[in-house]
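Everything on this sheet refers to the single structure shown next.
Please treat every number below as a calculation from the coordinates, not as lab data. None of these values were measured; they are calculated from a predicted model. FYI the Cβ positions are ideal-geometry reconstructions off the backbone, even for glycines, and counts take in every protein chain you see.
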Amino acid sequence: MNDLIVKSLAKINIGLNIINKRDDGFHNLETIFYPISLYDKISFTKSENFSFNSNDEKLNTEKTNLIIKAKESLEDHFNIQLPVKVFLDKHIPIGAGLGGGSSNAASTLTALAKLFNLNIDNHQLAELAIKLGSDVPYFLNPDPSYAESRGEIITPINFKLNRYLLIVNPGIHIATKWAFGLIKPNQPKESLKSLIGKNKLNINEIMKIASNDFEKIVFEHFPEIKEIKEKMLYFGANYSMMTGTGSTVWAMFDDEEAAFQTELFFKCKNYFTFIQEPT
């Protein structure tokens, strides 16, 4: 095998509780990760030298990114060089709370391990992944999951979204470090962990207790993001929530026409939009 093309999936957070700050500077949290069909495409081709390019010109000027860091982590682990040509076809908005960079890192770890036939198991991959980012381990096996600790302790849940899912991003970059610097941790009234083990969870059960602790902070500083959520609910969404630390907001609709009309409204504002239909 000389080349490999992989899909690098995005995710949304359904609920995000920041529980406390740890001695190592990170935060204990809990969330539900749900993978969506929006993805980047990454191609890896064996070569004499390493090179990285992307359809996103801003990424081409960066000297390092999570794809490069993931490659270097494998090289350090095995004390080898991995001469590979990488092309990232970027579709997931950057700094948007959709996990694009973390997903790219996880995809790189698994793709290079396969392409170069590296002797590494899932546990070792997860150890490399957590050093790259708190939610990188999730993307090694991106199924609907409850996540805790930094986000790296993953428990699969029996849940499938059967509604129209609208994703809207206004192009505002939210720095994760900034958001965590302002958050005031607190214990949720009811933990998302109570959902683990239930057969065939539905979104109504989840949304009874789910909220995103970052909404208050982000909405205060960026009222445009708050307005997206309010408009989604006004146009008929059953539920709406900011994902991660923002700036993307998702909404779920039972009604197909309402979902696509809402998407059209935000498209006219030149926002990034994406709809996932029920499967």
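Hey, in the GNM for the chain with a 10 angstrom Cα cutoff, which one of Arg150, Arg22, Arg163 fluctuates hardest?
Largest GNM mean-square fluctuation: Arg22.
Suppose every Lys and Arg Cβ carries +1 and every Asp and Glu Cβ carries -1, with no other charges. What dipole size does the chain come out with about its Cα centre, to the nearest 20 debye?
200
Is the C-alpha gyration tensor of the stretch 159-276 telling us rounded, prolate or oblate? Criteria: a/c under 1.5 is rounded; beyond that, a/b larger than b/c is prolate, otherwise oblate.
Verdict is oblate for the stretch 159-276.
Of Asn49, Leu74, Gly95, whose Cα points farthest to the positive end of the dipole of the stretch 48-112 (charges on the beta-carbon: +1 Lys, Arg; -1 Asp, Glu; origin at the Cα centre)?
Going by the charge dipole, the pick is Gly95.
Select from Asn158, Asn79, Asn20 the residue whose mean-square fluctuation is largest in a Gaussian network model of the chain (Cα-Cα springs shorter than 10 Å).
Highest fluctuation among the options: Asn79.
Mind checking which of Ile80, Ile92, Ile153 has the largest fluctuation in a GNM of the chain, springs on alpha carbons under 10 Å?
Among Ile80, Ile92, Ile153, the largest GNM mean-square fluctuation belongs to Ile80.
For the chain, what proportion of DSSP beta bridges, expressed in % and rounded to the nearest 5, is antiparallel?
Antiparallel bridges: around 90 percent, rounded to the nearest 5.
Around Ser54, with a cut-off of 13 angstrom between Cβ atoms, what is the net charge of the other residues, counting Lys and Arg +1 and Asp and Glu -1?
Neighbourhood net charge equals -1.
Just to confirm the number: angle between the C-alpha axis of helix 66-78 and the first principal axis of the chain, 0 to 90 degrees, nearest 10?
That works out to roughly 40 degrees.
When every alpha-carbon pair in the chain is counted, what percent end up more than 26 Å apart?
44
Once you compute Rg and the Kirkwood Rh from C-alpha atoms, what is the Rg to Rh ratio for the stretch 1-141?
0.97
Could you state the angle between the C-alpha long axis of helix 122-132 and the longest principal axis of the C-alpha atoms of the chain, as a value from 0 to 90 degrees rounded to the nearest 10?
Helix 122-132 sits at roughly 70 degrees to that axis.
Could you work out the pair-distance distribution P(r) of the stretch 166-227 from its alpha-carbon pairs, with 10 angstrom bin width and percents rounded to whole numbers?
16, 39, 34, 11
Taking the beta-carbon count within 10 Å as an exposure proxy, list Thr248, Thr110 from fewest neighbours to most.
Numbers: Thr248 29, Thr110 19.
Starting with the residue having the fewest Cβ neighbours, the order is Thr110, Thr248.
Could you give me the ³J(HN,Hα) list for the stretch 264-277, computed from phi with Karplus coefficients 6.51, -1.76, 1.60 and θ = phi - 60°, whole Hz, x at Gly and Pro?
Karplus-based 3J(HN,Hα) across the stretch 264-277 equals 4, 4, 6, 4, 5, 8, 6, 7, 6, 9, 7, 10, 10, 7 Hz.
Taking Cα atoms, how many degrees apart are the long axis of helix 223-234 and the longest axis of the chain, rounded to 10 and kept between 0 and 90?
That works out to roughly 60 degrees.
Treat the count of other C-beta atoms within 10 Å as a stand-in for reagent exposure and order Leu16, Leu233 from fewest to most.
Leu233, Leu16
How high is the relative contact order of the stretch 159-276? Use alpha-carbon pairs under 8 Å, at least six apart in sequence, and give a whole percent. Before the final figure, lay out each step's value.
Details: 164 pairs, mean separation 49.8, N = 118.
Reported relative contact order: 42 percent.
Considering only DSSP states other than H, G, I, E and B, which trypsin sites (Lys or Arg not before Pro) in the stretch 191-279 qualify as loop sites with at most 14 other Cβ atoms within 10 Å? List each step's numbers first, then the result.
Values: sites: Lys193, Lys198, Lys200, Lys208, Lys216, Lys226, Lys229, Lys231, Lys267, Lys269; in loops: Lys198, Lys200, Lys208, Lys269.
Sparse-neighbourhood loop trypsin sites (Lys or Arg not before Pro): Lys198, Lys200, Lys208, Lys269.
With an 8 Å cut-off on Cα pairs and a minimum separation of 6 or more residues, tell me the relative contact order of the chain in percent. Mind showing how you got there, number by number?
Details: 574 pairs, mean separation 64.8, N = 279.
Across the chain, relative contact order equals 23 percent.
Please list 3J(HN,Hα) in residue order for the stretch 241-248, calculated via the Karplus relation 6.51 cos²θ - 1.76 cosθ + 1.60 where θ = phi - 60°; whole Hz, with x for glycine and proline.
7, 6, 9, x, 8, x, 9, 6
Strictly over 19 Å apart at the Cα level, which of Lys226/Lys269; Lys63/Lys114; Lys189/Lys231; Lys200/Lys231 would you flag in this model?
Lys63/Lys114; Lys189/Lys231; Lys200/Lys231, as the Cα separations exceed 19 Å there.
Rounding to the nearest 20 debye, state how big the charge dipole of the stretch 3-155 is about its Cα centre with +1 on each Lys and Arg Cβ and -1 on each Asp and Glu Cβ.
With only Lys, Arg, Asp and Glu charged at Cβ, the dipole is about 260 debye.
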